[in-house]
Amino acid sequence: MKKLALIAAAMLLGSAAFAQQALFGGPGVVSPEINADGTVTFRYQAPKAVKVQVTGDFLPTQKTEFEMNGQKMTFDSPGVADLKEGENGIWEYTTPFKVAPEMYTYTFRIDGNSVIDPNNMFVNRDVASLTSVLLVPEKGARSDLYAIHNVPHGTVSKVWYPSATAGFSRRLTVYTPAGYETSKAKYPVLYVLHGIGGDEDAWVTQGRATQILDNLIARGEAKPMIVVFTNGNISQEAAPLENSTGYTRPTMSLPQTMEGTFETAFPEVVKFIDSHYRTIAKKQSRAICGLSMGGFHTLYISLNNPDMFNYSGMFSAAIGVNDPSVSPIYQDFDAKLATYFSKKPALLWVGIGSTDFLIQSNNDFRKKLDAAGYPYKYMETDGGHIWRNWRIYLSEFVPLLFK
Ligand code: FER
């Protein structure tokens, strides 16, 4: 008994000094709490704080002005709510409304400093910002796709491929559908691209792509498919802390983004996948989509390889923001567009939020398609340049593939 108590005491001391696994400690207060009436309560213990706020996309949005590449733009930023101090310095805020089923992110602001919720273990990194996650799933609602259910699950692997273009190995995230390991079947392939500052992990963390694929396939709403999440930063081997550069802060201003090298090199990824997985290696069974910078990449990869992809999805695509003179891949746009459509792709899908700062360039692009009579599918949703929209677009796009 005495010995046990000694061991317990040693472990407690040890965990404080990080010499042991962090078995002890953990949440002190409950936050967030989804209440029976559908409201959500946030709590934060800060006895010495003067002002405690919560900000997140579960709150009504407000407009913020900013400048990007010399252009003035506005974007929707999450609303902010004040917490009230109660007993033991525990601050609290309960939404005055039922929080609609969705996957949200939020942070606290303690006297102006942004921090994640230390009592919520569900955390996301978006470029160099950490946010806490609030998932409100509801049967019948779209966010049910983002939750894990008792269905057959696919496998997610981290796969390195030798990039001749980069001159080093680069990492991919690969989803193989449930049953891939035990069957002999060949599968169609969807390539999914991230935005600026993202990496090969972004879609499976913030994007909930694994859950979306598992659930859509289990419901019979999508064909079983292999999904490949590339890293679109050609100067980078892999996500931050997963590459050989060690402790580097994630940033959206990496060298060699949107200058053509990644798009030019894309066929080497397709070749690698086709030679390492049981794929149906033809245009009819290949799709590509991406968000923002990845939507831009998707467009130019599709136009420059008109025999490679039968389905292309542009989600809040960052078109009309680059300098086309930097790479031949961006040139002869109208001619490439004509060739692309002359080969009758099964689907060009365009989605954007009504308050996305990129909506003008997307509207211009659609006017061009309309004027030439080129067919495409369009979806406009509420809100701006946010992951909520990209999860929606992925879950709309995937059921349309390989039919
Ligand atoms: C720009 C606007 C948007 C730009 C890049 C983006 C390099 C990409 C945004 C994203 O991927 O989220 O002017 O210039």
**Asked** When the distances between all Cα atoms of the range 147-229 are binned every 5 Å from zero, what whole-number percent does each bin get?
**Response** 3, 14, 23, 25, 18, 10, 5, 2, 0
**Prompt:** Check residue 260: other-chain or 5+ apart residues with amide H under 5 Å from its amide H, H built from backbone geometry?
**Reply:** none
**Request:** Just reorder 23, 241 by solvent-accessible area, largest first, 1.4 Å probe, all chains present.
**Result:** 241, 23
**Asked** Tell me which aspartates and glutamates have Cα within less than 13 Å of residue 158's Cα, excluding those fewer than 8 residues away on the same chain?
**Response** 199, 200, 201, 237, 242
**Taking only Cα atoms of the range 344-403, radius of gyration then Dmax in Å** = 12.2, 33
**Complete:** Note on the range 244-403: contact order normalised by length, alpha-carbon pairs under 8 Å, 6 or more apart, percent, works out to 20 percent
**Message:** Please list 3J(HN,Hα) in residue order for the range 199-213, calculated via the Karplus relation 6.51 cos²θ - 1.76 cosθ + 1.60 where θ = phi - 60°; whole Hz, with x for glycine and proline.
**Reply:** 7, 5, 8, 4, 6, 8, 9, 5, x, 6, 4, 4, 5, 4, 5
**Prompt:** Could you name the lysines in cross-link range of residue 63, using Cα to Cα under 22 Å and dropping any fewer than eight places away on the same chain?
**Reply:** 72
**Asked** For the range 357-367, what does the Karplus curve 6.51 cos²θ - 1.76 cosθ + 1.60, with θ = phi - 60°, yield as ³J(HN,Hα) per residue in whole Hz, taken in order and with x for Gly and Pro?
**Response** 5, 9, 5, 4, 5, 6, 5, 4, 4, 5, 4
**Request:** Could you tell me the number of lysine pairs in the range 338-403 with C-alpha atoms less than 16 Å from each other, where the two lysines are 8 or more residues apart or belong to different chains?
**Result:** 5
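Using alpha carbon coordinates only, what is the Rg to Rh ratio of the range 101-178, with Rh defined as the Kirkwood radius?
Answer for the range 101-178: 1.11.
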**Fill in**
So, for the Cα atoms of the range 68-224, Rg and Dmax in Å stand at 19.9, 62
**Message:** With every atom except the alpha carbons ignored, what do you get for Rg and Dmax of the chain, in angstroms?
**Reply:** 23.1, 83
**Message:** With a cap of 15 neighbouring Cβ atoms within 10 Å, and only residues DSSP puts in a loop, list the trypsin sites (Lys or Arg not before Pro) found in the range 33-73.
**Reply:** 48, 51
**Complete:** Per residue convex hull volume, Cα only, the range 193-249, in Å³ is 88 Å³
**Sequence-distant aspartates and glutamates (8 or more away, or on other chains) whose Cα lies within less than 18 Å of residue 84** = 33, 92, 111, 117
**Request:** Quick one: which residues, 5+ away or cross-chain, put their amide H under 5 Å from the amide H of residue 172? H built at 1.01 Å from N.
**Result:** 159, 160, 161
**Message:** Quick check on the chain: helices-only [θ] at 222 nm, where DSSP H runs of length 4 and up contribute -39,500 (n - 2.57) each and the sum goes over total residues. Nearest 500, please.
**Reply:** -7000 deg cm²/dmol
**Complete:** Inverse of <1/r> over all distinct C-alpha pairs of the range 201-353, i.e. the Kirkwood Rh in Å, gives 16.8 Å
**Prompt:** What are the ³J(HN,Hα) values, in whole Hz, obtained from phi via the Karplus relation 6.51 cos²θ - 1.76 cosθ + 1.60 with θ = phi - 60°, for each residue of the range 59-64 in sequence order, with x given for Gly and Pro?
**Reply:** 8, x, 7, 10, 8, 10
**Item:** Residues with amide H under 5 Å from that of residue 45, placed H, sequence gap 5 or more
**Value:** 91
**Asked** When the Kirkwood radius is taken over all Cα pairs of the range 305-372, what Stokes-Einstein diffusion coefficient follows at 25 °C and 0.890 mPa s, in µm²/s?
**Response** 186 µm²/s
**Prompt:** Could you give the longest part of the chain that holds none of the GluC sites (Glu not before Pro) found in DSSP loops with at most 13 neighbouring Cβ atoms within 10 Å?
**Reply:** 222-403
**Prompt:** Of the heavy-atom accessible surface of the chain (probe 1.4 angstrom), what whole percent is carbon and sulfur?
**Reply:** 56 percent
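The values are calculated or read from the model by the stated rules, or taken from the named source; none is laboratory data. Keep in mind that what you see is a predicted model, and the values were worked out from it rather than measured. Cβ sites come from the backbone with ideal geometry, for glycine too, and all protein chains shown count toward neighbours. Keep in mind that these areas ignore ligands, DNA and RNA; they rest on the heavy atoms of the full protein, side chains included. Shrake-Rupley method; radii C 1.70, N 1.55, O 1.52, S 1.80 Å.
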